[in-house]
Amino acid sequence: VFVRATAGRVKVDRRFAVNWLQSKEKGFIRGAYHYYRPNENSILQANNFINSVSLQKGDLPPVLDIEDLPRIQSIENLKIGLRKWLNKIEDHYGMKPIIYSGESFYNTHLYKDFSDYTFWIANYNFYVENIDKDWSFWQFTDKGSVKGIKEFVDINIYNGDKKKLLQLLKK
């Protein structure tokens, strides 16, 4: 289960604390993600996440969700900001973050410059039997249903086996 924790430099999801606690209580492997706002300071955004998320043994690495192009800076400067966020988070938690994005954004802006990261890719347009080897997670719908949750939820497939998944978790 991935739970939205923060967005930008100050927003904390109003349901994060409850969702985070309940996902652990229900026995799920859980991860927290930050929705990156490209026109806000990357270090302040990282601090927002750090101040909001305490990872425990068995949790997934932090996730950086980047989907939007900047309005006030170049793509190259956006990539510098992303790298700053990723480095600060890795230094704090001692584990390399996962990057979440849509397939088009990933192919156009992230694939080459961030190939050393684990990727979680959203693509709702098709279903494939064999997921691209560079996608560790594939979000294939945002209209899934889960018992006990009234709203639609995103549904993902992990591209690996249980042993490989367990290797990602916080020790």
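The values are calculated or read from the model by the stated rules, or taken from the named source; none is laboratory data. This is a predicted model, so every value here is computed, not measured. Counting neighbours? That spans all protein chains shown, and the Cβs are built from the backbone with ideal geometry, glycine included. Just the protein is used for accessible areas: all its heavy atoms, side chains included, with ligands, DNA and RNA removed. Shrake-Rupley method; radii C 1.70, N 1.55, O 1.52, S 1.80 Å.
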Could you please let me know if ARG37 is open to solvent by 80 Å² or more (accessible area, probe 1.4 Å) and at pLDDT 95 or above?
-> yes
Could you tell me whether ASN47 is in contact with a helix residue (DSSP H, G or I) (Cβ under 9 Å, 6 or more places away or on another chain) and without any contact (Cβ under 8 Å) to a residue 24 or more places away in the chain?
-> no
Strands (runs of 3 or more DSSP E) wholly inside region 77-171 that include at least 3 residues being open to solvent by 20 Å² or more (accessible area, probe 1.4 Å) | 135-144, 153-158
For region 54-62, indicate whether the set of residues that are within 13 Å of the chain's Cα centre (by Cα), free of Cβ contacts under 8 Å to residues at least 40 places away in the same chain and under 22 Å from LYS24 (Cα atoms) is non-empty.
-> yes
Output the residues belonging to region 74-133 that are without any contact (Cβ under 8 Å) to a residue 60 or more places away in the chain, closer than 25 Å to LEU166 by Cα, out of contact with any strand residue (DSSP E or B) (no Cβ under 7 Å at 6 or more places or on another chain) and among the aromatic types (Phe, Trp, Tyr).
-> TYR111
Can you tell me which residue among VAL63, VAL1 is modelled with pLDDT of 95 or more, under 30 Å from LYS147 (Cβ atoms) and of a type in the set (A, V, I, L, M, F, W, C)?
-> VAL63
Do we find that LYS24 is open to solvent by 60 Å² or more (accessible area, probe 1.4 Å) and either more than 24 Å from GLN139 (Cα to Cα) or under 14 Å from the mean Cα position of the chain (by Cα) (or both) in this structure?
-> no
Of all residues in region 1-51, which are among the polar types (S, T, N, Q) and in contact with a strand residue (DSSP E or B) (Cβ under 8 Å, 6 or more places away or on another chain)?
-> THR6, ASN19, SER23, GLN45, ASN48
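Every residue, every condition in (1) at negative phi; (2) of a type in the set (A, V, I, L, M); (3) touching a helix residue (DSSP H, G or I) at 6+ places or on another chain (Cβ under 8 Å), yes or no:
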{"site": "GLU76", "(1), (2), (3)": "yes, no, no"}
{"site": "ARG83", "(1), (2), (3)": "yes, no, no"}
{"site": "LEU86", "(1), (2), (3)": "yes, yes, no"}
{"site": "PHE114", "(1), (2), (3)": "yes, no, yes"}
{"site": "ILE121", "(1), (2), (3)": "yes, yes, yes"}
{"site": "PHE126", "(1), (2), (3)": "yes, no, no"}
{"site": "SER145", "(1), (2), (3)": "yes, no, no"}
{"site": "ILE149", "(1), (2), (3)": "yes, yes, no"}
{"site": "TYR158", "(1), (2), (3)": "yes, no, yes"}
Just one of the numbered conditions (1) under 27 Å from GLN167 (Cα atoms); (2) touching a Pro at 6+ places or on another chain (Cβ under 8 Å); (3) not charged (D, E, K, R) is not true of ASN39; which one?
-> (1)
What are the residues in region 44-76 that are of a type in the set (Asp, Glu) and open to solvent by 70 Å² or more (accessible area, probe 1.4 Å), if any?
-> GLU67, GLU76
